[in-house]
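What follows is a set of notes on a single structure, which appears directly below.
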Amino acid sequence: MTDFDPAQHRMVQAQRWFEDFTLGERFVIPSRTQTEAVFAAFQTASGDTHPIHYDIECCRARGMPHLLAHGFQTLIHTAPGAGLFPFIVEESMIGFLEQSSRFLKPVYAGDTIYPALEVTELVPGRTTGVVTLRSTVFNQRRELVLEGMQKFFIRRRPA
């Protein structure tokens with residue numbers, strides 16, 4: 001292959017601009033089982049050493065079936081980079097503006113979570129716009145365990 005071009009080596013060929021988004025559009029993020037290894041990696045990255053997240057006997061003494069995931073451990077799975085969203089806006093994204101979330105149900109070691117992002121608001125500007133995404137995480141029992149919002153500053157298509 002002599003005509004290889006690194007600039008064409010992309011996960012998503014077509015770039016998206018603000019006006020390419022539609023309300024209700026969903027971006028699914030791959031599911032992930034919350035293994036003890038994920039708990040250990042989060043503990044290392046966060047520095048959080050509270051035993052409720054890393055000591056099974058502490059959890060059992062409090063009536064929990066297994067290690068309890070830190071809320072942020074669940075939240076990180078809604079990172080757009082875990083899915084295709086940042087790849088489709090590589091040329092148009094200016095920045096990540098805002099994030100909020102509510103933790104609705106516990107997530108335990110062994111649970112499988114299913115994150116997704118959904119376009120809920122589009123606020124156009126002259127040359128840019130703000131794309132608001134609703135973030136959700138469901139568990140294997142179809143329970144909503146996290147919901148939130150993320151806002152991104154996206155360029156409009158160049159003239």
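The values are calculated or read from the model by the stated rules, or taken from the named source; none is laboratory data. Keep in mind it's a predicted model, so treat the numbers as computed, not measured. Every residue, glycine as well, gets a Cβ built from its backbone with ideal geometry; the counts of neighbours run over all protein chains shown. Each accessible area value is taken on the protein alone, full model and side chains, heavy atoms only, with ligands, DNA and RNA left out. Shrake-Rupley method; radii C 1.70, N 1.55, O 1.52, S 1.80 Å.
Worth a mention:
- Checked against the criteria, Gln73 does not count as touching a strand residue (DSSP E or B) at 6+ places or on another chain (Cβ under 7 Å) and under 20 Å from Val137 (Cα atoms).
- Taking the listed residues Arg141, Arg126, Arg102, Arg155, the one that is closer than 13 Å to Phe21 by Cβ and out of contact with any Leu (no Cβ under 6 Å at 6 or more places or on another chain) is Arg155, with no other qualifying.
- Residues (surrounded by 12 or more Cβ atoms within 10 Å (Cβ to Cβ) and either free of Cβ contacts under 8 Å to residues at least 12 places away in the same chain or under 17 Å from Glu121 (Cα atoms) (or both)) located in the range 95-104: Phe96, Leu97, Gln99, Ser101
- For Ala82: the one exception among (1) touching a residue at least 24 places away in the same chain (Cβ under 8 Å); (2) open to solvent by 70 Å² or more (accessible area, probe 1.4 Å); (3) small (Gly, Ala, Ser): (2)
- Scope the range 44-103; condition in a helix (DSSP H, G or I) and of a type in the set (D, E, K, R); matching residues: Glu57, Arg60
- Among residues of the range 45-56 that are within 11 Å of Phe72 (Cα to Cα), those with a Cβ under 9 angstrom from a residue that is polar (S, T, N, Q) and not in a loop (DSSP other than H, G, I, E, B), sequence gap 6+ or separate chain, pair up as Ser46/Gln73; Asp48/Gln73.
- Contact map, the range 112-131: residues that are under 30 Å from Val38 (Cα atoms) and polar (S, T, N, Q) paired with residues that are outside any strand (DSSP E or B) and open to solvent by less than 30 Å² (accessible area, probe 1.4 Å), Cβ distance under 9 Å, separation 6+ or inter-chain. Pairs shown: Thr112/Gln34.
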